[in-house]
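One structure below.
The values are calculated or read from the model by the stated rules, or taken from the named source; none is laboratory data. These figures come from a predicted structure and were not determined experimentally. Here the Cβ is made from the backbone with ideal geometry for all residues, glycine too, and neighbour counts use every protein chain on show.
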Amino acid sequence: MNARYGYVMLLLAAGIWSGCSEENKDASEKEGVATVLPAQVAEVSVMTLKKQAFEHELVSNGKVEAKRYAALQFRTTTEPVARIYVKNGDRVKKGQKIAELDLFALQNKLTQAEYTLEQARLEMQDVLIGQGYAPDRMEAVPEEVKKLAATKSGYGQSKAAYELAKRELEQATLTVPFDGIVADLDGKEYNMPESGKPFCRILSTTDMEVAFTVLESELPLVKAGDRVEVMPYTVASGSLQGRIAEINPSVDENGMVKVKAQVDGKGKLFDGMNARVSVKRSVPGQLVIPKTAVVLRSGKQVVFTLKDGKAMWNYVQTGLENLSEYTVTGEGMEEGVTVITAGNVNLAHETPVKVVE
């Protein structure tokens, strides 16, 4: 009795389980069909694929450098700084005074050197007269005799001392070598200038360079003369235009190549400033699609094309890219096909679609 009852219950349970399993299977299949063939026709945007010039863009971080700069320093550090006429950040013109030392001792040294030189010149004339030559006809005196007279009289040594004193006095006043801006001025009036250290630097703000790096694999994509856009992180007024000036033919231990671009700073760039660099180059004859046309399916890149009102699945390979576009190759990617560019996220192969503007 108990065994028969148990057998009957087992049959009933098996029937119930079988019925539930069939219902779950039907629901799963319906769900899968609904995914592949939605109840409503998907609305998509399309474009006609054709070959065109692709504006390749390579983005890197760079540092601004002054292409033209001068580190100015006093040749003598025996006298204190008497006057400083500028300060850091001042825009200056060629020939403008920057600073000068106390000139009294240097002027006195030059005057003494001038007297000593004149005395030596008179003594050299006496030597020449003693050799039978007229001092007022120096062109007739042989060079060997001139050198001997200059040595005996001390004229050569006195002339060298005079030229040195004159040079020291001239360089006791720093002047601007070209139009630019003052930087790194740390000196103070009434203090001695530091030996071996530049008193200040003059930077040109028009001829600027931006140094940045590119990957070794990206090197074929850049060349001298390519257009660049430089966007300083501290300037909100837009980008500055430039051109690649040089490419260092050396790859460092990290696989990077150093590149420099020349850019007109327009007074907005300063030495050492950080900037975003975008290298742009036109590559002709490419099949170009917007990035929105590419979707991922099982980790692979897929582009849907339109054929007879249905979305057709195509595996592709993307190549060059910029902020909004790819170059593309692969099955179905040829001129004249219609590529779905929007509304493609949930599409499947042969899904019916409707084209909208």
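Residues that are surrounded by 16 or more Cβ atoms within 10 Å (Cβ to Cβ) and under 18 Å from the mean Cα position of the chain (by Cα): find the strands (runs of 3 or more DSSP E) completely inside segment 167-224 holding 3 or more of those. Don't jump to the end; show me each part of the working.
Details: elements: 173-175, 180-183, 200-203, 207-215.
Per the criteria, 207-215.
Could you go through segment 251-259 and let me know if any residue there is assigned to a strand (DSSP E or B), among the basic types (Lys, Arg) and surrounded by 13 or more Cβ atoms within 10 Å (Cβ to Cβ). Don't jump to the end; show me each part of the working.
Going residue by residue through segment 251-259, those that are assigned to a strand (DSSP E or B) are 251, 256-259.
If we keep only those that are among the basic types (Lys, Arg) as well, we get 258.
Subset that is surrounded by 13 or more Cβ atoms within 10 Å (Cβ to Cβ): 258.
Yes, that holds for at least one residue.
Among the numbered criteria (1) at positive phi; (2) in the same structural domain as LEU221 (by TED's automatic domain parsing), which one does ARG276 miss?
(1)
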